[in-house]
Amino acid sequence: MTQRAVGRAIGVNHNHVSNLERGERRPTPALLMALDALLTGDERLERLWESLNEANQPAWLSAIRDVQRDALSILQFQAQAIPGLLQTERYARSLIAAISFWESPAWVDDRVEERMERARWFAVAERPFLVTVLPESVIENPIGSPEIMREQLDHLVGLADAGRISLQVVTGHEHPGLLGPFMIIAPSVGPEVVYAESAVEGRVIDDSPEVARFKLRFGRLQAVALSPEQTLTLIKEKAEGFDG
């Protein structure tokens, strides 16, 4: 069947069918059932979709780090810690060991090396450009020792000075970031998507109205945050405080 014929039969535009075929949009459960019925799949499409997904994520976005590598830009709010791409090795080790305290040192070493591989790549890559907003608590509450935190804050300043990131800090307590961590990813091909984090799993959102709402939240976060210049001044002051 042609894309137009399929679209007419299930009630969507043929461009939507094309996006589904290329993996640039995810089917809703109702649309998946309609496709299965139209193509007499005997629920095979539904079973295949379930097997291709991890925690309800689209298969093409299950490895979020691959999406990050391909992105043109990322708008990110992180509520509890410095984002992984911006972490130093000692900061990452302290954080991972604290979160997964029951794991072996070898396991922690592996996770740290994986994170550092991505961080090293990001530091020298031409893209994506990362726009990050953090609450003030992230830069003032030490992870590891004061020395580790000083090193981490100096690293943030270095990335900003090198033009790899734009960093802003929110000093108020009431802001849209109370929803939790999320990133808005603009891939090199296809529409923007949102990756929203939780304690146990991430969720990919590609519904256009919902993505638009997350962009509105991020714009509001930037509006109530310190400017990038004010933020770097604050981070340098916090770093000097950790010397003591």
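The values are calculated or read from the model by the stated rules, or taken from the named source; none is laboratory data. Note that the structure is a prediction, hence the values are computed from the model and not measured. For neighbour counting, all protein chains shown are included, and Cβ atoms are generated from backbone atoms with ideal geometry for every residue, glycine included.
Structural remarks
- Given (1) in a loop (DSSP other than H, G, I, E, B); (2) surrounded by fewer than 14 Cβ atoms within 10 Å (Cβ to Cβ), index of the condition residue 190 fails: (2)
- Extreme residue, surrounded by the most Cβ atoms within 10 Å (Cβ to Cβ), among residues of region 1-51 that are under 32 Å from the mean Cα position of the chain (by Cα) and hydroxyl-bearing (Ser, Thr, Tyr): 18
For every residue, the table says whether it meets (1) among the charged types (D, E, K, R); (2) at pLDDT 90 or above; (3) closer than 27 Å to residue 175 by Cβ.
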| site | (1), (2), (3) |
| --- | --- |
| 8 | yes, yes, no |
| 21 | yes, no, no |
| 46 | yes, no, no |
| 49 | no, no, no |
| 71 | no, yes, yes |
| 87 | no, yes, yes |
| 90 | yes, yes, no |
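- Residue 236 being basic (Lys, Arg) and more than 16 Å from the chain's Cα centre (by Cα): yes
- From the list 102, 107, 121, the one residue that fits, being in the same structural domain as residue 215 (by TED's automatic domain parsing), farther than 26 Å from residue 178 by Cα and at pLDDT 95 or above, is 102.
- The number of residues in region 171-187 that are surrounded by 13 or more Cβ atoms within 10 Å (Cβ to Cβ) and either assigned to a loop (DSSP other than H, G, I, E, B) or in contact with a Cys (Cβ under 7 Å, 6 or more places away or on another chain) (or both) comes to 4.
- Total residues in region 195-230, condition aromatic (Phe, Trp, Tyr) and assigned to a helix (DSSP H, G or I): 2
- Scanning region 86-115 for residues that are closer than 20 Å to residue 142 by Cβ and not in a loop (DSSP other than H, G, I, E, B) yields a total of 15.
- Region 185-229 - residue that is acidic (Asp, Glu) and free of Cβ contacts under 8 Å to residues at least 24 places away in the same chain and, of those, farthest from residue 171 (Cα to Cα): 207
- Answer residue from region 70-80, given it is assigned to a loop (DSSP other than H, G, I, E, B) and within 13 Å of the chain's Cα centre (by Cα) and is farthest from residue 113 (Cα to Cα) among those: 79
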